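Undergrad: Before we start, here is the structure in question, set down as C-alpha cells.
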Amino acid sequence: MTGMPPSVIEGVEPPRSGAAAGTDSESSVPASAKSVAYTTCYMCACRCGIKVHLENGRLRYIEGNRNHPINRGVLCAKGSAGIMTAVSPARLTTPLKRVGPRGSGSFEAISWDEAMRIITERLAAIRASDPSRLALFTGRDQSQSLTGHFARMFGTINYAAHGGFCSVNMAAAGLYSVGGAFWEFGEPDWEYARLFLLFGVAEDHDSNPIKLGLSRLKARGAKIVSFNPVRTGYSAIADEFVAVTPGTDGLLVFALIHCLLEAGRIDTEFLVRYTNAHHLVIDDAGGAEHGLIARNAQGSELAFDRATGSLASASATGIDPALSGTFVLPDGRRARPAFALLAERYLAAEYAPEAVAERCGVAAATIRRLADEIIEVAFNQPVVLEQPWTDAAGRRHTHMVGRPVAIHAMRGISAHSNGFHTCRAIHVLQMLLGAVDTPGSWRYKSPYPKPIPGGIPPGRPAGAPGAPLNAAPLGCPMRPEDLLVDAQGEALRLDRAFSWEAPLAIHGLMHMVIARAFEAGPQKIDTLFFFMSNMAWNSAMNPGESIRMLSATDEQGEYRIPFVVVADAFASETVAYADLVLPDTTYLERYDCISLLDRPIGSAHGPGDAIRVPVLKPERDVRAFQDVLIEIAGRLGLKDFADAQGQPLYHSYADYIVRHQRAAGIGPLAGFRGADGRAMGRGEPNPEQLRRYIENGGFWVHHLPPEQLYYKYANQAYLNGAREMDFIGSSAPIVLQLYSEPLQRFRLAAEGHGAHVPPPRLRARVRRYFDPLPIWYAPLEQAASRDGRYPLHAITQRPMAMYHSWGSHNAWLRQILPENRIYLHRELAAELGIEDEDWVWVDSRSGRLKARARTMSGVNRNTVWTWNAIGKRAGAWGLERDAPEFRRGFLLNHVISEFLPGEPGEAAHSNSDPVTGQAAWFDLTVRLERCAPDTPDETAPRLGANPLRIKRPAESAA
Amino acid sequence: MKPAASVLLLTTLTGFAYGLLTWLGLYVAAGAPPAARLLVLAGVGVGLILATLGLIASTLHLGRKERAWRAFSQWRSSWLSREGLAAVLTYPIALAFAWAQYRAPGSPAARSLGVVTALASLGTVYCTAMIYASLKPIRQWHNRHTAPDYLIYALYSGATLFALLHTLAFGTAALAATLAALGALCALIAKLAYWRHVDAQSPIASLASAIGLPKGTAARPLDAPHFTENFILREMGFQVARRHAAKLRRIALVVAFALPLIFSLLARLGTFPLASSALAVACAALGLLTERWLFFAQATHVSALYYGRAV
Amino acid sequence: MTMLPQRGPEARKMGLVIDLDTCVGCHACAVNCKEWNTGGEAGILPDYDKYGEKPDGVWFNRIHSYETGSDGCSRTVNFPRSCLHCENPLCVTVCPTGASFKRAEDGIVLIDTDLCIGCKLCSWACPYGAREFDEDSGVMRKCTLCIDRIYDESLPEAEREPACVATCPAKARHFGDLADPHSKVSQLVAQRGGTDLLEELGYRPTNKYLPPRRAQIQTTPRETSGAASQGIGGALLKLLDKALSR
Ligand SMILES: Nc1nc2c(c(=O)[nH]1)N[C@H]1C(S)=C(S)[C@@H](COP(=O)(O)OP(=O)(O)OC[C@H]3O[C@@H](n4cnc5c(=O)[nH]c(N)nc54)[C@H](O)[C@@H]3O)O[C@H]1N2
Ligand SMILES: Nc1nc2c(c(=O)[nH]1)N[C@H]1C(S)=C(S)[C@@H](COP(=O)(O)OP(=O)(O)OC[C@H]3O[C@@H](n4cnc5c(=O)[nH]c(N)nc54)[C@H](O)[C@@H]3O)O[C@H]1N2
Ligand code: SF4
Ligand code: SF4
Ligand code: SF4
Ligand code: SF4
Ligand code: SF4
Ligand SMILES: [Mo]
C-alpha cells in the first residue's frame, strides 16, 4: 500500500508525542526544532483550516490557515484553545471494560486486542440474527460517509447522526423546497447582499464564515436584521434587533409574505422560470390525486399557457404561464396554478401584520416597515453583474441579476416543532423575491443544489440477515411507500424515524434512541453503539431519565438495553454508562476526511473537501475510531471492507480514504484523483492523494468559473459540471418547490388513499402536518399544555467559546464560562422580585431545576434563556470536586421531556417536529420563582458523582 | 483597593518612625537638654527599627523580593523610587544626627543634623504619600488631602511615641504629650475633612466613557469576561459594605484619635503618665491601622468600572 | 527607563483600533492572545486552579459585554479590553525599577520582566485594568502588542500583525500606525469617529475604539399600503396580468 504518506509533512520532523507549553518533551528532537503542519481544526464542526506550529515536538501555536476557504486565517476561541485540549485531564487513555454496575464508573483497563474481540464477537452474533439489533448513533463526527456506509454494509437500519438534534427539519424543508438548505448546505452572498435577515442564529456550524461574512456586510454598510428573542453575539451587532417570541417566526414570515403580495411586489418572472409556481394543482377534493400536480401523458407537469390559451408542459420555454385562475384538465378535473393557492392563503386577513403582531411580540408597524425595506432592496436596488450565462434551456443571458436580500436561519427556527413549516415559509419568501442563488441573496454551497423530488429513499434490509441495506440508511422518502414501516404501518426503526410518526426524519431521531431502546427491550435492541455523542447528558432531553433507562434492569437483573458501547475521546458523562469504551484519539492525532459524501468544506464558490492529519503522536493507548471501525468491518467481512475471501481490504482509515470507491471513480476525497492527480470529483484512486492534500495545506477546492456561480438550479454550465462530478444524477434543471407535492402525497395517504396509509391513530396528525404549503401552528408542547401555568418560553444558546460539553475540560475555555445563569428581562425580574445572582426555581411540566438569575434588557419579555451544555455531572470531564460546572452550572435539559404531554389513554408522541422528528428543544415553557434566601449555594438537581475508577491490570494482579 | 497587610504596616509603621525622627530632630534643633542624650539616641534607634520593620513589611508585598534593590533606580519619575531613596538616605542622616547629639549634645552639628533628619523624615513620608496621591485612577487618593494627611498622621503618631519615650526617660511626657494631643486633634480634623471630601466627590468617570461611548449613554454590564475573580477584581475591585465601613470609621475616630487625645492629655497632666502615653501609642497604632485599612478598602479604582462596580 | 521618551512628531504610534460595531464578543482574540504569548517570547501566562473550583489566569485581553441605551431599544455591546499603549502612561512613570517603559520608536509600552519586582504599583496606575500580576513568577504582565510578531522578519509580511488581530473572525480589530494620518487605522478612526477610553483621565491612549452604529434603509413610499384585501386583489392582480415568458 502506497497511500500512506511517509511522515506528516515532507521535509520536517515526524510528529512526536507532545504536550503543550509547560511540560518537558522526552523526545530527542534538536533543541530548536520548529515545524509547521496544516490540518483541519476540530474544536467544533466548522472545519477551519489550521496551521499548527510545533517546537521541539510540542504544540507551540495553532493559527488559522490563511489560504483556507472556510476561515481565511482566522481562528475562533475554541480553535485557539486546541493546545489545551491536547493536555486535558479528561482524555481517555485505554480501552475499558465495565466491572461495576452500569453507570457506577467502575472499569477495568483492557487491551485493544480484547476490546476488538469483545465487539467483533458481539457484532458478528447480531449480524447473524438481526443486524438491526445494532443501533449506531453518532454525533457531530464528520465521518458519516464512513459510519453510514458501515451501517449499510452491516445491514442495520438503526443508524443516525446528529442532524436530528440540530436542524433536520430545516435540512428537510430546504431539500424538499430548494434542493439545498440553510443548514450547512447554503450561505448568504456576503459579497453583494444589502439586506441580511438572520433568523434564530447564535453561532451555527459556520462559526467563522458567518463572522467573516458579517464583517463584510458591515464594511459595506449593508443592513443586518436579527430575528431572535435574545440580543447577544451576532444579534448584538445587528442594525435592527427583532425580539420575536419563540416559535412564532412562521407567522411573522407569513405577515411579510402577506405584505409583499398585497403590494404586488414579487418576482413573477423568477417564479415561472425556476419554481413550480405555475404548475397546475389538481383541484378534486376527495379524489386520490387531489392536490397533486397535473401531468400529461409523458409525465411532465402542466401549466396554462396564456399565449396559446391552452395547457402546456410547465417546463416548456417561451410560454406565458398563468399564475392565477382555474383551468380544466383534459380529463375534466379542475386545476389551479400552485401560486394561486399560495396567494390566496397568505393574503388572508389572518396573516396581516396586525393579526399576528401580538403573538409574535413584534409591532405590526415594524413588520410593515421591514416588508417595505425588503421590497426596496429587492426590487429597487437589484444587483446586476456583467456576467453572461446560459440557462438550462440553452438561452444566453447577458447579465446576472440578483435581489440582494439574503436570509440565513438556524436553530431558532428548527428547534421548534413547527420548524419544518417555518423554514418552508422562509424558502417561499425567498422564492417570491427571486432571492435564491442569485447575486446578493442566499446561495447554495457545493455540492448543492440536489434535485427535488429526487432523493434516494432510506435503505432497507434486502434479503438474508447480514446482507447490506439496499441503500444508505438515511435517505429522503418522497412517497408513503418509501417509509420504513411494517404491515400495520408501525415503525421498523428503533427511533421511529421514517415512520408515520416522523415520515421525513432524514437524519433520524437521536434524542429518542435511549427512550425507545428502553421501551423496546432486548427483542429489538442488543447493542447501542454511540460515537462522539454525549447521549446521557446534554444531548438527552431529560438526562436523569436517560441515565435511569440506560442502567435499568428487568426482573432477572438483566439490563433492559443489553450492551452499550461508547467511542469517545474524553471522560464524558456517557462514558460511565458504557459496557465497553473505545478510547479515541484527539483531532490532532489522526487522519480524518471531511468528505463531499458527507458535509464538506464546499462553498458557493465551488466544491471542496479536506483532511485531518496526525500532528501529534498519542502517548496513550488510544486508537482513531475510524481505524477501529474499519478494522471491525474488516473482521466482520463486510462488503466494501473485506474482499470475497473475507480478507480486510484496508489497514487504516488513511488507506480507506485513498482507495475506497463508492462508485466508479468516486471516493471519500474528490481532489487530486486519477493516476496523475489531475482529476477532480471522479477519477481513479491516486496513491499519492493524501500527500497532495498535505502539500496543498490539507484541503482541496475547485473554484467554479464565474458563469457557474449563480442560478445553479438552472445554469447549464453548472449543471453539466455538477453532473460530471457526480453531485447530481442528471443535468436537468432543478425546479424549486414553492408547492410541495411529496407532502401532499403523504397527506393523501392520511386521507386513506393508496396502499400505504398511516395507522388510524396517526391519520389526523399526518393530514394536518403534511400541508403542501407552509402552515403555522403553536409549538406542540405549548399547544398541549396551554393552561397558563408555564407562561415563559425557555431556550438555550450556543456560547461562542464552548462547544457543547467538550469545552469544560479545556483549562482556558472553562475560565470564560465555568457556570451559567438563567437570563431574564429586567422588567420581568422586577415583577417576580428577582435580582441579579438570586437563585431561582425553574419549573416546567416535567421537572424543576435551580439556577442563578441574571437580568438583561435585550431579551424578549416572556423568554428566559441560558447558555447550552455548561452544567456537568460531578465526576465527569476530569474536573476536580468543587468545579463550578458541577456546583452552579446547570442543564436546561433537566426540565425538558422527550415526550409530549399525551392525550389521556393515548401513547405520548415524542417531543419533535411531526414532519421530520427534529427534537423540539426550544418549545419548552417554564415558570420562575425566587428560591428562599437560605437556599444552598448550588444548583439542583445534582446527580451523584461517578468519576471513572479504572482498575489497571497491574493492580488487579496485585 | 485591596488593603494588603504589608502596605498597611508599611505606612503605619513608617508614619510612627519618621514622625518620631522628625520630632527628635526638631527637639534637638530647638535646644534639647543635654540630659536627653540617651533619649535621642534611643529614639533614633526606635525610629529606625520601626522604619526598617515597615520597609521589610513592604517588601513582603513584592513578587520578587530579591530584586528590591532595583526600586531605587527611577527616582526621576517614580515616587516609589523616591520613597525608597529617601528612606535609605534617612538612615545615615539619622545615625549621624544621633551620633552628633550623643557625642556633642546641642552642638551646631547636632542641631543642624536634627533639622536635616526632620526634613529627610518628612520627605520620606511625603514620597510615600505621593505614591498614593499621584494615582489618577483612584479618586480617594488622588486629591489635595492625601499628602498633607500623611504628614499630619506621621507627625501625630510620632508625637505619641515621642511622648512615650520622653516619659520613659524623664518620667513626664511634658511638651511631647501636648504635641501628641494637638496632633491627635489635627489628625482628627484632617480625617473628617478627608472623609467629607471623598464622600462628596463625584465619580471621575462613567462606564460609558470607560467603553468609549458618548457621555451620558446609559450602560450596564451584562457579562464579565470570566466568571471567577481575577487579579483586577481582587486587587482593584475590593469592596467593603457601607454599614461595615461606617462602623469602622467610628472605631477609627475613637481609637485612632479620640482615645490618644485623651490619654495624651492625661499624660500631660501627669496622670499615670507612663501608662497614659503608652496607651496613647497603642491606641494610635491600632486606630491608624484601621484608618489605613479604610483608606485602602474605601478607595475605588476606575478599572472596576468595567466590572460594573461603582467608583 | 520609566521616564517617558522624547517622542517627536515623526515617531510612530503603533496600536489597535477595535470596532465595537462588529465585535461579536467571541473571545477569539483573548484566547489566541493567550495562546501566542504563553508559548512565545512573553513567556507562560499562568493559569491557576486549572481544573478546580476557581479557574483563573493571566490574560492580556478580556472580553466584556454591556447593554447600552434605554430598556426598550437597548443594544448589546461587546467590549475587548487590553493595554492601550497610552501616550501618557502613568503606569510607566510610577514604576520604580525601569521595568515598565514606553518605546521611543513606536510608542509600545512594555514590561521588562527581568527587572520587575512585582510591586504592582503600575497596575494601580492603569485606569484600564490592563496589567495583570503573574502569581507564579511574581512579576507584572500585559499586552506586548505582539512585538515578537509585528517585527519578526522571518514571518511573511501579511502575518506581521498581532495575534488578536490576525485571529479576529469578525475583523473587528485593526493594527497600524496611528501617528500616520494615511494609515488604514487612522483613516478608520477619522471616518468612524474613533474614541479614546476615559479621555478625561488624560492618558491619551493610542488604541482607539469605533462606536457602534446603525445601518438604515430608506424606503420609497408605496401607493398601496395597508389595504388588506380578500383573495387576489389590487396590486397583485395587476402584476399577475402582465405577460410572462418562461
Ligand atoms: N461555539 C459553538 N458553536 C457551535 C456549537 C456549540 O456548541 N458551540 N454547536 C454546533 C451545533 S451542533 C449546532 S446544531 C449549531 C447551532 O447553531 P445555532 O443555530 O446558532 O444554535 P443555537 O445556539 O441553539 O441558537 C439558536 C438561536 O435561536 C434563538 N431562538 C430561539 N428560539 C427562537 C425562535 O423561536 N425564533 C428565533 N428567531 N430565534 C430563536 C436563540 O436565542 C439563539 O440565538 O451550532 C454549532 N456551532
Ligand atoms: N437544551 C438543549 N439541549 C441540546 C441542544 C440545545 O440547543 N439545547 N442542542 C442539541 C444539539 S443541536 C446537539 S448537536 C447536541 C450535541 O450533543 P452531543 O452530540 O452529545 O455533543 P457533545 O456534548 O459535544 O458530545 C460529543 C461527545 O463527543 C466527544 N468527543 C469530542 N471530540 C471527540 C473525538 O475526537 N473523538 C471522539 N470519539 N469523541 C469526541 C465528547 O467527549 C463528547 O462526549 O445537543 C443537543 N442538546
Ligand atoms: S470555528 Fe473554531 S473550533 Fe470550529 S473549526 Fe473553526 S476554529 Fe475550530
Ligand atoms: S493602558 Fe494601562 S498599562 Fe497600557 S499604557 Fe495605558 S496605562 Fe499603561
Ligand atoms: S510591578 Fe514591575 S513593572 Fe509594575 S511598577 Fe512594579 S516593578 Fe514596575
Ligand atoms: S496585541 Fe498581542 S499581546 Fe496585545 S492583546 Fe493582542 S494578541 Fe495580546
Ligand atoms: S475576536 Fe474580534 S469579534 Fe471576537 S471578541 Fe475579539 S474583537 Fe470581538
Ligand atoms: Mo447540533
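Residues are listed down the side, and each one gets a yes or a no for (1) out of contact with any Leu (no Cβ under 8 Å at 6 or more places or on another chain); (2) closer than 20 Å to C:Ser137 by Cβ; (3) within 16 Å of ligand 5 (Cβ to nearest atom); (4) at pLDDT 95 or above:
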{"residue": "C:Met3", "(1), (2), (3), (4)": "yes, no, yes, no"}
{"residue": "C:Arg7", "(1), (2), (3), (4)": "yes, no, no, no"}
{"residue": "C:Gly15", "(1), (2), (3), (4)": "no, no, no, yes"}
{"residue": "C:Ile18", "(1), (2), (3), (4)": "no, no, no, yes"}
{"residue": "C:Val31", "(1), (2), (3), (4)": "no, no, no, yes"}
{"residue": "C:Tyr48", "(1), (2), (3), (4)": "yes, yes, no, yes"}
{"residue": "C:Tyr51", "(1), (2), (3), (4)": "no, no, no, yes"}
{"residue": "C:Val77", "(1), (2), (3), (4)": "no, no, no, yes"}
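Undergrad: Kindly indicate whether C:Ile44 is of a type in the set (Val, Ile, Thr) and more than 10 Å from ligand 5 (Cβ to nearest atom).
TA: When the stated conditions are applied, C:Ile44 passes them.
Undergrad: Let me ask you something else. Does any residue of the range B:102-118 turn out to be under 22 Å from the mean Cα position of the chain (by Cα) and in a loop (DSSP other than H, G, I, E, B)?
TA: no
Undergrad: From the list B:Leu188, B:Leu182, which residue is within 20 Å of B:Phe263 (Cα to Cα), at pLDDT 95 or above, within 23 Å of the chain's Cα centre (by Cα) and crowded, with 17+ Cβ neighbours inside 10 Å?
TA: B:Leu188
Undergrad: Okay, next question. Cβ-Cβ under 6 Å, sequence separation 6+ or interchain: first residue in the range A:50-74 and within 9 Å of another protein chain (Cβ to nearest Cβ) and within 15 Å of C:Ala163 (Cβ to Cβ), partner assigned to a strand (DSSP E or B) and basic (Lys, Arg). Which pairs?
TA: Pairs found: A:His53/A:Arg60; A:Glu63/A:Lys51.
Conditions tested, residue by residue: (1) within 30 Å of C:Ala125 (Cβ to Cβ); (2) small (Gly, Ala, Ser); (3) in contact (Cβ under 8 Å) with a residue 12 or more places away in the chain; (4) surrounded by fewer than 20 Cβ atoms within 10 Å (Cβ to Cβ).
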position: B:Arg249; (1), (2), (3), (4): yes, no, yes, yes
position: B:Leu269; (1), (2), (3), (4): no, no, no, yes
position: B:Leu274; (1), (2), (3), (4): no, no, yes, yes
position: B:Glu291; (1), (2), (3), (4): yes, no, yes, no
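Undergrad: Just the residues that are surrounded by fewer than 24 Cβ atoms within 10 Å (Cβ to Cβ) and within 19 Å of A:Gly667 (Cβ to Cβ), please, taken from the range A:600-611.
TA: A:Gly606
Undergrad: Scan the range C:156-163 and tell me whether some residue there is surrounded by 21 or more Cβ atoms within 10 Å (Cβ to Cβ) and either away from ligand 4 (no atom under 16 Å from the Cβ) or not basic (Lys, Arg) (or both).
TA: yes
Undergrad: Restricting attention to the range B:135-147, report how many residues are more than 15 Å from B:Arg292 (Cα to Cα) and away from chain C (no Cβ under 14 Å).
TA: Total meeting the criteria: 2.
Undergrad: Quick check, is A:Ala135 away from ligand 6 (no atom under 16 Å from the Cβ), over 21 Å from A:Gly608 (Cβ atoms), within 14 Å of chain C (Cβ to nearest Cβ) and buried (at least 24 other Cβ atoms within 10 Å of the Cβ)?
TA: no
Undergrad: Filter the range C:114-151 for residues that are away from ligand 5 (no atom under 16 Å from the Cβ) and more than 19 Å from C:Lys34 (Cβ to Cβ) and give the result.
TA: Of everything in the range C:114-151, just one residue is away from ligand 5 (no atom under 16 Å from the Cβ) and more than 19 Å from C:Lys34 (Cβ to Cβ), namely C:Tyr151.
Undergrad: For residues that are more than 16 Å from ligand 3 (Cβ to nearest atom) and outside any helix (DSSP H, G or I), scanning just the range A:409-422, find the one that is farthest from A:Asp913 (Cα to Cα).
TA: Ranking the qualifying residues of the range A:409-422, first place goes to A:Ala409.
Undergrad: Still on this structure, I have one more. Give me the pairs, please: first residue somewhere in the range B:161-179 and more than 21 Å from B:Leu48 (Cβ to Cβ), second residue anywhere and among the charged types (D, E, K, R) and part of a helix (DSSP H, G or I), beta-carbon distance under 8 Å, and either six or more positions apart or on two chains.
TA: From the range B:161-179, the pairs are B:Ala173/B:Arg268; B:Ala174/B:Arg268; B:Ala177/B:Arg268; B:Thr178/B:Arg268.
Undergrad: Of C:Ser154, C:Ser186, which residue is free of Cβ contacts under 8 Å to residues at least 40 places away in the same chain, in a loop (DSSP other than H, G, I, E, B) and of a type outside the set (Val, Ile, Thr)?
TA: Every option except C:Ser154 fails the conditions.
Here is a yes/no grid of residues against (1) on the phi > 0 side of the Ramachandran plot; (2) among the charged types (D, E, K, R); (3) more than 22 Å from the chain's Cα centre (by Cα):
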site: A:Leu217; (1), (2), (3): no, no, yes
site: A:Gly247; (1), (2), (3): yes, no, no
site: A:His258; (1), (2), (3): no, no, yes
site: A:Ala263; (1), (2), (3): no, no, yes
site: A:Glu269; (1), (2), (3): no, yes, yes
site: A:Val272; (1), (2), (3): no, no, yes
site: A:Asp283; (1), (2), (3): no, yes, yes
site: A:His290; (1), (2), (3): no, no, yes
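Undergrad: Could I ask something else about it? Got a sec? Which of A:Ile728, A:Ile795 is of a type in the set (Val, Ile, Thr), out of contact with any strand residue (DSSP E or B) (no Cβ under 9 Å at 6 or more places or on another chain) and in contact (Cβ under 8 Å) with a residue 24 or more places away in the chain?
TA: Of A:Ile728, A:Ile795, the one residue that is of a type in the set (Val, Ile, Thr), out of contact with any strand residue (DSSP E or B) (no Cβ under 9 Å at 6 or more places or on another chain) and in contact (Cβ under 8 Å) with a residue 24 or more places away in the chain is A:Ile728.
Undergrad: Please go through the range B:57-90 and give me each residue that is more than 7 Å from chain C (Cβ to nearest Cβ) and of a type in the set (D, E, K, R), ordered by number.
TA: Listed by number, the residues that qualify are B:Lys65, B:Glu66, B:Arg82, B:Glu83.
Undergrad: So which residues in the range B:65-84 are in contact with a Cys (Cβ under 9 Å, 6 or more places away or on another chain) and of a type in the set (Ser, Thr, Tyr), if there are any at all?
TA: The answer is B:Ser77, B:Ser78, B:Ser81.
Undergrad: How many of the residues making up the range A:75-109 are among the basic types (Lys, Arg), within 10 Å of chain C (Cβ to nearest Cβ) and touching a helix residue (DSSP H, G or I) at 6+ places or on another chain (Cβ under 6 Å)?
TA: 0
Undergrad: Mind listing whichever residues of the range C:103-131 are among the charged types (D, E, K, R) and surrounded by fewer than 24 Cβ atoms within 10 Å (Cβ to Cβ)?
TA: C:Arg103, C:Glu105, C:Asp106, C:Asp112, C:Asp114, C:Lys120
Undergrad: Could you pull out every one of the helices (runs of 4 or more DSSP H) wholly within the range C:26-133 that has 1 or more residues that are away from ligand 3 (no atom under 16 Å from the Cβ) and at the interface with chain B (Cβ under 8 Å from one of its Cβ atoms)?
TA: C:90-93, C:121-125
Undergrad: Against the definition (farther than 19 Å from A:Thr156 by Cα, crowded, with 22+ Cβ neighbours inside 10 Å and more than 19 Å from the chain's Cα centre (by Cα)), how does A:Leu550 come out, yes or no?
TA: So A:Leu550 fits the description; yes.
Undergrad: Which number in (1) aliphatic (A, V, I, L, M); (2) touching a residue at least 60 places away in the same chain (Cβ under 8 Å); (3) more than 14 Å from every other protein chain (Cβ to nearest Cβ) marks the one condition that B:Val311 misses?
TA: Of everything listed in (1) aliphatic (A, V, I, L, M); (2) touching a residue at least 60 places away in the same chain (Cβ under 8 Å); (3) more than 14 Å from every other protein chain (Cβ to nearest Cβ), B:Val311 misses just condition (3).
Undergrad: State whether the residues of the range A:826-842 include one that is surrounded by fewer than 22 Cβ atoms within 10 Å (Cβ to Cβ), in contact with a strand residue (DSSP E or B) (Cβ under 6 Å, 6 or more places away or on another chain) and within 11 Å of another protein chain (Cβ to nearest Cβ).
TA: Yes; the residues of the range A:826-842 include at least one that is surrounded by fewer than 22 Cβ atoms within 10 Å (Cβ to Cβ), in contact with a strand residue (DSSP E or B) (Cβ under 6 Å, 6 or more places away or on another chain) and within 11 Å of another protein chain (Cβ to nearest Cβ).
Undergrad: Right, B:Val254: at pLDDT 95 or above and surrounded by fewer than 22 Cβ atoms within 10 Å (Cβ to Cβ) or not?
TA: yes
Undergrad: Take the residues in the range A:860-914 that are more than 16 Å from ligand 2 (Cβ to nearest atom) and in contact with a Pro (Cβ under 6 Å, 6 or more places away or on another chain), then tell me which one is farthest from A:Glu545 (Cα to Cα).
TA: A:Asn860
The values are calculated or read from the model by the stated rules, or taken from the named source; none is laboratory data. Predicted, not measured: the structure shown is a model, and the values here were computed from it. Please note: Cβ atoms are built from the backbone with ideal geometry, for glycine as well, and neighbour counts cover all protein chains shown.
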